[in-house]
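None of the figures in this text is laboratory data; all of them are computed from the coordinates on show. All values reported here derive from a predicted model rather than from experimental measurement. When we count neighbours, we look across all protein chains shown, and the Cβ atoms used for this are built from the backbone with ideal geometry, even at glycine.
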Amino acid sequence: MQRKLLLVLVVLALALPAWADTRYALRVDGLACPYCAYGVEKKLKALDGVDQSTLEILLNEGLVVFQAKDNAMITEHSLKQLINDAGFTLRGLETQSISKEERKEERKDDH
């Protein structure tokens, strides 16, 4: 059963259109000050595929949000390790596929 589920997930991942990026929302325990946020920010910016212009850290909510560029290979395991290495605990992770058009609209709204 687990193999079938894994196979289905792999097929779905491969079937995602190349024009889709991914938005990541990480719930992180222990983010309490700007210095803490800087440690996480520094590690995420060093990760291949992270769109640095989208990185946002909301201290009061313990939320880290960013988008990954096309074809980035960012796994839950790698994010968990990254957050642990920064001295914090990854409490939750949500991902969402977004199209290039949605991304362009978000950038228009920001300006």
Legend entry - Pick from region 60-79, criterion aliphatic (A, V, I, L, M) and surrounded by 14 or more Cβ atoms within 10 Å (Cβ to Cβ), ranking: farthest from T89 (Cα to Cα): A72
Legend entry - Every residue from region 22-58 that is free of Cβ contacts under 8 Å to residues at least 40 places away in the same chain, surrounded by 13 or more Cβ atoms within 10 Å (Cβ to Cβ) and either part of a helix (DSSP H, G or I) or basic (K, R) (or both): A37, E41, L44
